[in-house]
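Notes follow the structure.
Derivation of every value follows stated rules applied to the coordinates shown; laboratory data play no part. Note that the structure is a prediction, hence the values are computed from the model and not measured. Heads up, the Cβs are rebuilt from the backbone with ideal geometry, glycines too, and the neighbour counts pull from every protein chain shown.
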Amino acid sequence: METAVYIILTLVILISIAIITNYAIILIKNIIKKRSNKISLGSSTKVRIFYQLKEALEILAKTKTGAIITIENNDNLDSLRTDGIVLDANISSSILISIFNKYSPLHDGAVIIRNNKIYYVGTFYKITKKSIDNKYGARHRAALGISEMCDASTLVVSEENGGVSLAENGSLTSIPLENLQETLTKIFKD
């Protein structure tokens with residue numbers, strides 16, 4: 001009789017362990033699936049933004065359409081800008097190209113990208129007080145000015161020559177189109 005009790009207890013314990021193990025496996029599998037979906041969503045969003053911005057900059061440069069696009073990092077730009085309209089739209093090359101079209105009432109101002117969205121359009125910055133080459137216009141001076149006051153990255157397209165420049169940390173660097181992808185990768189790194 002004792003043997004039968006031991007066998008029954010052993011079976012109950014083994015079945016309990018099997019049930020708990022199955023629940024644990026299912027729980028862990030669901031946790032991993034949720035995390036991988038979050039990572040995938042974040043990555044696909046970042047990749048989409050990256051390519052939309054790259055496409056817009058290439059088209060703006062080739063058509064010599066002046067533009068100033070600021071990517072907000074840690075510092076909030078609200079106190080460093082004037083005017084502008086809150087758009088809060090998904091980033092798309094079509095929208096960016098439309099904003100900077102010379103017939104758009106917003107084309108002279110800057111676009112601020114905040115939290116992966118085109119947040120402000122038609123906004124203005126104080127220009128730098130530094131003496132810079134006369135080949136640079138108001139957009140470049142504004143981009144340099146904002147880069148002196150915060151940690152944002154500002155991309156500028158010259159309407160004179162179609163050149164792309166990056167203003168960061170108080171300096172302005174020309175970016176050949178063939179290096180645009182590398183530059184954007186550095187800006188969007190985690």
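Of note:
- Distance in nm between pseudo-label sites at residue 63 and residue 169 (7 Å out along the Cβ direction from Cα): 3.4 nm
- Its alpha carbons give the stretch 41-188 an Rg and a Dmax of 13.7, 44 Å.
- Bridging of residue 135 to aspartates and glutamates at a Cα separation below 14 Å is possible for 159, 160, once same-chain residues fewer than 8 apart are set aside.
- Environment charge of residue 65, counting only residues whose C-beta is closer than 10 Å and scoring Lys/Arg +1, Asp/Glu -1: +2
- Rounded to 10°, Cα long-axis angle of helix 2-62 versus longest principal axis of the chain: 10 degrees
- Most mobile listed residue (51, 120, 103) in the chain, GNM with C-alpha springs under 10 Å: 103
- For the chain, modelled as a GNM whose springs connect Cα atoms under 10 angstrom apart, the maximal fluctuation among 102, 129, 62 occurs at 129.
- Inter-centroid distance (Cα atoms) of the stretch 168-190 relative to the stretch 76-107, Å: 20 Å
- Derived scalar couplings ³J(HN,Hα) [the stretch 84-101; Karplus, 6.51 cos²θ - 1.76 cosθ + 1.60; whole Hz; x for Gly, Pro]: x, 10, 7, 9, 6, 10, 4, 6, 9, 4, 4, 5, 4, 5, 5, 4, 8, 4
- For the chain, the longest principal axis of the alpha carbon atoms and the long axis of helix 138-149 meet at an angle near 50°.
- Beta bridges by DSSP in the chain, antiparallel share as percent, to the nearest 5: 90 percent
- For the stretch 41-188, the relative contact order is 28 percent, taking Cα pairs closer than 8 Å that sit 6 or more residues apart in sequence and dividing their mean separation by the residue count.
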